[in-house]
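Please read the structure below before turning to the comments.
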Amino acid sequence: VGAPTGRGGAAAVWTGSKMIIWSGFDNVSGFSDGAKYNPASDTWNPISFVGAPSPSQDAFAAWTGSKMLVWSDHGGHAPADGGLYDPVDDSWSLMSSPPAGFSQVGSSKVWAGSEMIVWGGSVGSVLVNDGARYNAASDTWTLTSTAGAPSRRGGHSAIWTASEMIIWRGYDGL
């Protein structure tokens with residue numbers, strides 16, 4: 001009862017007591033809204049759409065400890081954007097824009113405890129081996145160093161080990 005429509009590619013986080021989902025794509029209405037699910041009471045509640053980032057399929061999401069961070073490159077079809085959702089206030093705040101020229105498609109993203117790290121992918125048809133870090137507390141972006149970075153690639157996987165981001169495989173153009 002009250003569950004959102006079925007969808008693919010929704011972003012989701014666990015808050016410690018609730019699951020929050022955002023957007024995704026359904027075959028009936030296209031891009032969708034979001035909702036909170038409370039398993040203790042088995043109830044769904046819609047979340048605000050006011051001030052939210054652009055709806056997206058396959059957006060990255062992370063729980064910051066108090067907010068849901070959502071970031072999407074929109075597959076290169078629209079400018080990358082994101083937002084922070086506060087479930088207590090049921091409100092969104094948009095994230096600042098990344099540094100000029102930074103708009104990777106097919107990048108990997110990890111949550112590093114206080115920052116989202118975005119690395120690799122492509123800008124247009126050019127594969128890149130750079131990245132940026134987003135600090136949610138200060139709403140600021142910092143470009144990452146390319147010293148010792150893997151070769152240019154997209155479609156790779158990444159994990160956070162509690163101290164570093166590890167990149168695995170991907171397509172390097174060969």
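The values are calculated or read from the model by the stated rules, or taken from the named source; none is laboratory data. Only a predicted model underlies this, so the values are computations on that prediction, with no experimental measurement involved. Note that we place each Cβ from the backbone using ideal geometry, even for glycine, and neighbour counts take in every protein chain shown. These area figures cover heavy atoms from the full protein model, side chains too; ligands, DNA and RNA do not enter into them. Shrake-Rupley method; radii C 1.70, N 1.55, O 1.52, S 1.80 Å.
Restricting attention to the range 56-73, which residues are open to solvent by 20 Å² or more (accessible area, probe 1.4 Å), at pLDDT 80 or above and within 13 Å of the chain's Cα centre (by Cα)?
60, 61, 63, 64, 67
Can you name every residue in the range 155-174 that is open to solvent by 60 Å² or more (accessible area, probe 1.4 Å), over 12 Å from residue 117 (Cβ atoms) and not hydroxyl-bearing (Ser, Thr, Tyr)?
155, 162, 168, 169, 172, 174
For a quick check of your reading of the model, give me the residue pairs whose first member lies in the range 89-100 and is closer than 26 Å to residue 130 by Cα and assigned to a loop (DSSP other than H, G, I, E, B), whose second is open to solvent by less than 100 Å² (accessible area, probe 1.4 Å) and among the β-branched types (Val, Ile, Thr), with beta-carbon atoms closer than 9 Å and at least 6 apart or on different chains.
Once the first residue is closer than 26 Å to residue 130 by Cα and assigned to a loop (DSSP other than H, G, I, E, B) and sits in the range 89-100, its partners that are open to solvent by less than 100 Å² (accessible area, probe 1.4 Å) and among the β-branched types (Val, Ile, Thr) give 95/70; 96/140; 98/118; 99/142.
Could you tell me whether residue 99 is modelled with pLDDT of 85 or more and either over 17 Å from the mean Cα position of the chain (by Cα) or open to solvent by less than 50 Å² (accessible area, probe 1.4 Å) (or both)?
Considered against the rule, which asks whether it is modelled with pLDDT of 85 or more and either over 17 Å from the mean Cα position of the chain (by Cα) or open to solvent by less than 50 Å² (accessible area, probe 1.4 Å) (or both), residue 99 comes out as no.
Is it the case, given these coordinates, that residue 86 is farther than 23 Å from residue 34 by Cα and acidic (Asp, Glu)?
No.
Being under 17 Å from residue 132 (Cβ atoms) and modelled with pLDDT of 85 or more narrows it down to one residue among 82, 76; which is it?
Answer to the selection: 82.
Working only within the range 104-124, note down all residues that are within 14 Å of the chain's Cα centre (by Cα), buried (at least 21 other Cβ atoms within 10 Å of the Cβ), of a type in the set (Gly, Ala, Ser) and assigned to a loop (DSSP other than H, G, I, E, B).
Correct list: 107 only.
Is there a residue in the range 38-49 that is surrounded by fewer than 18 Cβ atoms within 10 Å (Cβ to Cβ), modelled with pLDDT under 90 and touching a Gly at 6+ places or on another chain (Cβ under 8 Å)?
The answer is yes, given that some residue of the range 38-49 is surrounded by fewer than 18 Cβ atoms within 10 Å (Cβ to Cβ), modelled with pLDDT under 90 and touching a Gly at 6+ places or on another chain (Cβ under 8 Å).
Pick from 133, 152: which is part of a loop (DSSP other than H, G, I, E, B), open to solvent by 60 Å² or more (accessible area, probe 1.4 Å), in contact with a strand residue (DSSP E or B) (Cβ under 7 Å, 6 or more places away or on another chain) and among the charged types (D, E, K, R)? Walk me through how you get there before you give the answer.
On the way: 133 fails: part of a loop (DSSP other than H, G, I, E, B).
On inspection, the qualifying residue turns out to be 152.
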